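See structure below.
The values are calculated or read from the model by the stated rules, or taken from the named source; none is laboratory data. Remember, it's a predicted structure, so these values are computed and weren't measured experimentally. Cβ placement follows ideal geometry from the backbone for every residue including glycine, while neighbour counts extend to all protein chains displayed. Only protein heavy atoms, including side chains, enter the accessible area calculation; ligands, DNA and RNA are left aside. Shrake-Rupley method; radii C 1.70, N 1.55, O 1.52, S 1.80 Å.
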Amino acid sequence: MSEVIGAVEDVAKVAGGSAGGSFIPWALLAVVVAIGAAGAFGFYKGDAMRAAQDSAKYAAAQKKADDAWQAKVDAQRARGDKIAADLETEKANVKTVTLTVVKEVPKVTTVYKEKAGAPSIALNNIFTWGFVRLYDDALDPSVKHDVSAAAGVPAGSAAEADLVRSGVSTADVLTNHAENAGQYADCRNSLNALIDWHEQNPTEKK
């Protein structure tokens, strides 16, 4: 604004020093120039202020969006970490149970009693190769299990092989069952963890 006042004063001096000149027209001209300069200065200053305000608002909105997105990512990561930790705990529990069961197998598969307090009698259950074949078929139906070679009969003689004593004991069967059950439990827990993850992080519909 001081520049405008200075310009008016300069114009006034020139007008006053002019021979036979009137000061009024020059003064009016100075006022017009001053008003125009002030108006232009105000316009550009206001435009710059609006631009700065818009930039600040955009930056604030962008930061808010970024913070919200980061919070969502952090929450999902925390849920994923918890599910993974819970799964590892379940796997450790399954392993402990499996080992405990396997250790107890000999105690319950070598002898038996007719009734409580009676003497122990040797347990000698016989399992044929046919039993082994059906057991394996139930575990993995996608594979055709031929026990002919193990039974010592010509290949393809399934009927004969099925009746041959296998040498598999009750302890073998129970131990194998415990190991398989442990693997099934691991798969079940993994599947449940995956289901939990998807339930907590549903796909957003657009």
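Observations, loosely collected:
- Helices (runs of 4 or more DSSP H) wholly inside region 127-195 containing at least 2 residues that are of a type in the set (D, E, K, R): 129-139, 158-162
- Which listed residue, of ALA181, ALA151, ALA185, is in contact with a helix residue (DSSP H, G or I) (Cβ under 6 Å, 6 or more places away or on another chain) and within 30 Å of GLU90 (Cα to Cα): ALA185
- Residue that is modelled with the highest pLDDT [pool: residues in region 196-206 that are in a helix (DSSP H, G or I) and charged (D, E, K, R)]: ASP196
- Number of residues in region 105-132 that are modelled with pLDDT under 90 and closer than 19 Å to ALA181 by Cα equals 4.
- Here ARG77 meets each of (1) part of a helix (DSSP H, G or I); (2) modelled with pLDDT of 85 or more; (3) open to solvent by 80 Å² or more (accessible area, probe 1.4 Å); (4) not aliphatic (A, V, I, L, M) with one exception, condition (2).
- Test: residue in region 46-68 that is within 27 Å of GLN200 (Cα to Cα) and touching an Asp or Glu at 6+ places or on another chain (Cβ under 7 Å): no
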